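Working notes for the structure below.
Each value in this text was obtained by applying a stated rule to the coordinates, not by laboratory testing. Being a predicted model, the structure only gives us computed values, none of them experimental. When we count neighbours, we look across all protein chains shown, and the Cβ atoms used for this are built from the backbone with ideal geometry, even at glycine.
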Amino acid sequence: MRVALLFMLRGYHSQIRFTNGRYDITLMRAGQDGTRSVEVKWDKRASESGNLYFEVENTRQQKPSGVMATTADLWCHVLGEGERGLIVTVPSLRRFLKEGSWRSVHTRGADSNSRGLLVPWTAVQTCSDFRPVRLPTVEDYFGAIFRQASS
């Protein structure tokens, strides 16, 4: 929701969809043809581990997944408790992940079937392709709308 609010504050109409067990956002802007899509992933442990996790493969099916399979235009990696995130184009993120020497890890658990790459927070901070954003709350959103309407 907070990612959709961020884009709405930037003038987009945001449609949140839940398909195939994941949330995605379709962005539309008045007066412009076409849409853009955003894949949203929440990395709750990034702030405590110092690493970001990017899923890249379904190990059971031996197929690309996550970043490597998405059809989205943009990737939003929500961090920690959801107050902030990173936005990057999918082609830039794929290139970044392929060019780096990141640690490959397999998820654990009864139905685990994914492999991902652990990327140190410091590496992401030095890459200009990643745009850090503060994700607005519902209160922030309606406050901005109210300020705009009252000015």
Worksheet entry | Candidates GLY116, GLY85, GLY100, ranked by Gaussian network fluctuation over the chain, Cα under 10 Å, top entry | GLY100
Worksheet, complete the sentence: Of all GluC sites (Glu not before Pro) in region 41-94, the ones in DSSP coil with at most 15 other Cβ atoms within 10 Å are GLU81, GLU83
Worksheet item: Per Stokes-Einstein, at 10 °C and 1.306 mPa s, what whole-number D in µm² s⁻¹ belongs to region 68-151, with the Kirkwood radius over Cα pairs as the hydrodynamic radius?
Response: 103
Item to complete: Taking amide H positions as placed in the peptide plane 1.01 Å from N, state which residues far from LEU135 in sequence (5 or more) or on other chains have amide H under 5 Å from it.
Response: ARG84, GLY85
Worksheet item: Relative contact order for region 2-150 using alpha-carbon pairs under 8 Å, separation at least 6, rounded to a whole percent?
Response: 23
Discussion item. Against the 2.2 N^0.38 Å scaling, with N counting residues, where does the chain land? I'd like the Cα-based Rg ratio to two decimal places.
Written reply: 1.11
Worksheet item: Cα centroid distance between region 48-99 and region 101-151, in Å?
Response: 9
Practice prompt. Note the full-extension length gain between SER151 and ASP73 as 0.36 nm times their separation in residues minus their Cα-Cα distance, in nm to one decimal.
Written response: 24.6 nm
Discussion item. For region 48-138, which trypsin sites (Lys or Arg not before Pro) pass both filters: DSSP loop (anything but H, G, I, E, B) and at most 16 other C-beta atoms within 10 Å?
Written reply: ARG60, ARG108
Fill in: Value at 222 nm in deg cm²/dmol, rounded to 500, when DSSP H runs of n ≥ 4 in the chain each add -39,500 (n - 2.57)
-7000 deg cm²/dmol
Discussion item. Per 0.36 nm of contour for each residue apart, how much would the distance between ASP129 and THR35 grow if the chain were fully extended, relative to their Cα-Cα spacing?
Written reply: 31.7 nm
Worksheet item: Which ³J(HN,Hα) values, rounded to whole Hz and listed in residue order, are derived for region 48-59 from phi using the Karplus coefficients 6.51, -1.76 and 1.60 in 6.51 cos²θ - 1.76 cosθ + 1.60 with θ = phi - 60°, glycine and proline given as x?
Response: 7, 8, x, 10, 9, 10, 10, 5, 10, 8, 8, 6
Worksheet item: Which one of SER128, TRP75, HIS106 has its Cα pushed farthest toward the positive end of the charge dipole of region 36-151, where Lys and Arg give +1 and Asp and Glu give -1 at the Cβ?
Response: HIS106
